[in-house]
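One structure below.
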Ligand code: ARG
């Protein structure tokens, strides 16, 4: 679309004899809400002052002088606005040629390999089950990772594990007391979290338990070998468990350096803050003031211990040095908005402006289940593994019901079940709370993952019936100009937007833009397929061009789903 906008800007620029900067004209070109007002519009009041004339006169004047190139189909003048319509033939030809030449790379960009983008995501607290919030986090983070990677950046995925804190003193005591009662190897997170709940309760009743826990954590901090070994064990079994989920979602991390990694890196932070004279006393704690509207950032508690924020500051310093990041994007729940505001403010004392300005917090809303039927073994904690398994088995039932004799039913069910979950999470704006309904997200006829996946499978089956093989196609020989029905052109215009959509989704940290776009593509495809015969059309040229459109739609859907982390079964 950009080159069409360029073209329009140029034609206005020439018509007004270059009296206004070309970029200024470009920036003021709008996309009308109502397609009846064209694909693009230029409001001429922008020129009134400089050309010393009324917008209506200016518009009429430009209209009389304008010369169109092959990209612009039609120009209209309405009340001081110039409305531009894209030349359909141009879009049709350009888009399909581009898709056919780039195929799996359609929508992708290159050239930003030396811009480093950190995506810090997932980051669960070890020894606890992975809950729905972390699942939303992981799905969102993975999608952002894919989007930035597709745009050609050098992306670094970091899992900032919550692997340090006083709770480990308590957990160690609980482990020592109760370990024999649980099968920790088999269900580590379940066992460890149960142990933790039990020992916490006991500690509330019995102060001496709390004393032992405190002592444990102190020894841990001092580097006690035996206790560190135990802590390492908790970390290892947790990670092993999380990795099962990461594998299902296709998530990989370049670093699992969590909070514990920064224990020996906090002194430097404190030194710098001291040097800059910004560490002040407040109610016995040491804090840094971060402006009038937010509470100060605590660096040391009144007990003299460092906290979560202190470790995050050390991480910023470390990441600036290690990764020389242009952006460091943190994915967490909205509850942490204040925390990130505080540490991003304090960061200006620690790192160069370039890094401080590159810190971004991407916050997402809550997630709840509609049916309380899921296993909620621990209050409101829902085990993501259970949810995934349930989604897969339900998907299998639905697919079997459709009487499909698919050979690889298990693989398809897995892709559809997990795809339904991911798609549903990413469909809403990230900051919105979601009430999650598994049955709804598995419907084949709603705005769901399975619906979009099914559309892809449908394109495959149409092409198979048509005996179409992309390998036989010689792009130069295809006459795309036969695609001129409204449903064809609208579908192609939709496919053309793909790269713009990817850019926008990344820029706004909002994979929902891409997710909803894929629904639009699927819907537009359905309209096309209802109106335009593909398989039994007589005209061979038209049949071939339509097959290419079917193929191209499938490709965009597949590429798009992959970017949000959803795999596409070839058949469904
Ligand atoms: N472990 C934290 C949690 O589960 C999230 C960590 C977010 N990242 C950070 N750098 N503070 O809530």
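Looking at segment 343-355 only, could you name the residues that are under 24 Å from the mean Cα position of the chain (by Cα) and surrounded by 23 or more Cβ atoms within 10 Å (Cβ to Cβ)?
Hit for segment 343-355 is 343, nothing else.
Given the criteria more than 30 Å from residue 498 (Cβ to Cβ), assigned to a helix (DSSP H, G or I) and in contact with a strand residue (DSSP E or B) (Cβ under 9 Å, 6 or more places away or on another chain), does residue 62 qualify?
Values: more than 30 Å from residue 498 (Cβ to Cβ): yes; assigned to a helix (DSSP H, G or I): yes; in contact with a strand residue (DSSP E or B) (Cβ under 9 Å, 6 or more places away or on another chain): yes.
In short, yes.
Among the residues of segment 204-223, which ones are outside any helix (DSSP H, G or I) and closer than 16 Å to residue 261 by Cα? So that I can check it myself, show each step before the final result.
As a first pass, look at segment 204-223 and keep what is outside any helix (DSSP H, G or I): 206, 222-223.
Once the filter is applied, which keeps residues that are outside any helix (DSSP H, G or I) and closer than 16 Å to residue 261 by Cα, segment 204-223 yields 222, 223.
Which numbered condition in (1) in a loop (DSSP other than H, G, I, E, B); (2) free of Cβ contacts under 8 Å to residues at least 40 places away in the same chain; (3) surrounded by fewer than 16 Cβ atoms within 10 Å (Cβ to Cβ); (4) over 33 Å from the mean Cα position of the chain (by Cα) is the only one that residue 76 fails?
Of everything listed in (1) in a loop (DSSP other than H, G, I, E, B); (2) free of Cβ contacts under 8 Å to residues at least 40 places away in the same chain; (3) surrounded by fewer than 16 Cβ atoms within 10 Å (Cβ to Cβ); (4) over 33 Å from the mean Cα position of the chain (by Cα), residue 76 misses just condition (1).
Yes/no per residue for (1) within 16 Å of the ligand (Cβ to nearest atom); (2) under 26 Å from residue 436 (Cα atoms); (3) not in a helix (DSSP H, G or I):
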site: 101; (1), (2), (3): no, no, no
site: 110; (1), (2), (3): no, no, yes
site: 117; (1), (2), (3): yes, no, yes
site: 134; (1), (2), (3): yes, yes, no
site: 138; (1), (2), (3): yes, yes, no
site: 141; (1), (2), (3): yes, yes, no
site: 144; (1), (2), (3): yes, yes, no
site: 157; (1), (2), (3): yes, no, yes
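Applying the selection to segment 293-311, what residues are free of Cβ contacts under 8 Å to residues at least 60 places away in the same chain and within 16 Å of the ligand (Cβ to nearest atom)?
Passing the criteria: 297, 298, 299, 306, 307, 309, 310.
Identify the single condition in (1) assigned to a helix (DSSP H, G or I); (2) modelled with pLDDT under 95 that residue 376 does not satisfy, given that it satisfies every other one.
Status for residue 376: all satisfied but (1).
What residue, among those in segment 459-496 that are touching a residue at least 60 places away in the same chain (Cβ under 8 Å) and outside any helix (DSSP H, G or I), is surrounded by the most Cβ atoms within 10 Å (Cβ to Cβ)?
We begin by selecting, within segment 459-496, every residue touching a residue at least 60 places away in the same chain (Cβ under 8 Å); these are 459-463, 465-466, 468, 470, 473, 475, 478-484, 488-489, 491-493, 495-496.
In the following step, the residues that additionally are outside any helix (DSSP H, G or I) were identified as 466, 468, 473, 478-479, 483-484.
Values: 466: 18, 468: 18, 473: 15, 478: 17, 479: 11, 483: 23, 484: 13.
Applying the filter and picking the extreme gives 483.
Could you give every pair whose Cβ atoms fall below 8 Å, whose first residue belongs to segment 133-146 and is within 17 Å of residue 506 (Cα to Cα), and whose second residue is within 11 Å of the ligand (Cβ to nearest atom) and in a helix (DSSP H, G or I), counting only separations of at least 6 or pairs across chains?
No pair meets every condition.
The values are calculated or read from the model by the stated rules, or taken from the named source; none is laboratory data. Worth saying up front: this structure is predicted, and the values here are computed from it rather than measured. With ideal geometry, Cβ positions are generated from the backbone for all residues, glycine too; neighbour counts draw on all protein chains shown.
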